[in-house]
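What follows draws every value from the coordinates through simple rules; no lab data is involved. Predicted model only: the values in this text are computed from it and were never measured. Cβ placement follows ideal geometry from the backbone for every residue including glycine, while neighbour counts extend to all protein chains displayed.
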Amino acid sequence: VADEGIDGIVITLGKSFRKLEISGNKIYAESGVMLGHMVKESIKHNLSGLESMIGIPGTLGGALIMNAGAFGDKISNSLINVDVMTLSGSIIQYDAGDIDFCYRHSTFKENEIIISANIELKEASSETISEKRDIASKGRKKNQPLRFRSAGSVFKNPKPDLAAGYLIDKAGLKGTRSGEAEISTQHANFFINHGQAKASDIINLICIARKKVQEKFDIMLDLEIKTLGFPKDVFQYE
C-alpha cells in the first residue's frame, strides 16, 4: 500500500468471516479464515492436500485469489466451489471449473468479494502428512528470511524451472538497500523490512531488480505481490 494510503474504502473480512467446519474429508471455511489455521486443522483431522502450505501467510480469500501454493500443492487443486458477493449484494456460487487458475493467478472478478469456499481433501496417515509438512517447513526455514518482516515472494517465477530469486541473485542484487528495505541476502526474491521501511523503499528495490534483470537476462519480472494506491508508471524505471 502506498505511503499516502489509498483514495477509497477498505473492507476487511478477517474479523467476522472466520467460520471453519470439517465434515469427513471436506472443509467449509469463510474467506477471513487464516490459511495457516485451516492447514493446521486439516492436519489434525488427518486430511492431506494443504500441509505443504504451512507457513504461507494471509487468509483463505487471498489464497484463492492468488492460487496460493508451495512444494507442488496449490489451493485450487482441492477446491470444490466458492461463494462470492457482488457489489449489489447478490451471492453467486462458482464451481472450481468455472474459474481459470494458473500460477499465482485466478479469474475471480475484481468487483466480487469471496465469502466462503468448500474444500475437499484426501484422508492420509499422520506420518505421511507430517512428512510433507516437515519438508515444507524445513525448506522455508532454510531458504527464506523468516526472522524479518516481508511480503513474501515479490516477483513471479518467469518459468517453472527459472526462479525470480535466482535471476535477482545472479544480477548481483542480494543485500541491495533502499532506506530500511533490503533485498534479502538469504533469498533474493524476498525484500525485507529492517524496521521502518516505507512503501517507496520497496518500490525502489522493485524497479532496481526489474532493470538489472532485464539488462542482464532480457527478462521482465512480473509482480507476484498485489499493490494499492500507486500510479501505473511508478514501477517503470529510467
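One Cα centroid belongs to region 159-238, the other to region 127-157; the line between them spans 19 Å.
Springs join every pair of Cα atoms under 10 Å in this Gaussian network model of the chain, and among 118, 204, 143 the largest mean-square fluctuation is at 143.
A simple spin-label model places the labels of residue 122 and residue 37 2.8 nm from each other, with each point 7 Å out along Cα-to-Cβ.
Among the listed pairs 74/159; 74/132; 141/216; 142/226, those with a Cα-Cα distance over 21 Å are 141/216; 142/226. The alpha carbons of region 144-235 stretch over 33, 31, 20 Å along the principal axes, in descending order. In a GNM of the chain with a 10 Å cut-off on Cα contacts, which of 127, 30, 112 has the highest mean-square fluctuation? In this elastic network of the chain, the residue with the biggest mean-square fluctuation among 127, 30, 112 is 127. In degrees between 0 and 90, to the nearest 10, how far off the longest principal axis of the chain does helix 199-217 point, with axes built from Cα atoms? Tilt relative to the chain: about 80 degrees.
Diagonalising the gyration tensor over the Cα atoms of the chain and scaling each eigenvalue by 5 before taking the square root yields semi-axes of 31, 23, 16 Å, largest first. Short-range pairs are left out: with C-alpha atoms under 8 Å and at least six residues apart, the relative contact order of region 81-238 is 18 percent. Length gained on full extension, residue 151 to residue 86, computed as 0.36 nm times the residue gap minus the Cα-Cα distance: 20.6 nm. Extension gain for residue 234 to residue 162 (0.36 nm times residue separation, less C-alpha to C-alpha distance): 23.3 nm. Subtracting the Cα-Cα distance of residue 211 and residue 18 from their residue separation scaled by 0.36 nm leaves 65.4 nm.
Label sites at residue 225 and residue 138, each approximated as a point 7 angstrom past Cα along Cα to Cβ, lie 3.0 nm apart. Each 5 Å bin from 0 upward holds the following percent of the Cα-Cα pairs of region 32-121: 3, 15, 26, 27, 17, 9, 3, 1. For residue 117, the shell of other residues with beta-carbons less than 15 Å away shows a net charge of -4, using +1 for Lys and Arg and -1 for Asp and Glu. Over region 144-235, what is the relative contact order in percent, taking alpha-carbon pairs closer than 8 angstrom and at least six residues apart? Contact order relative to length: 32 percent.
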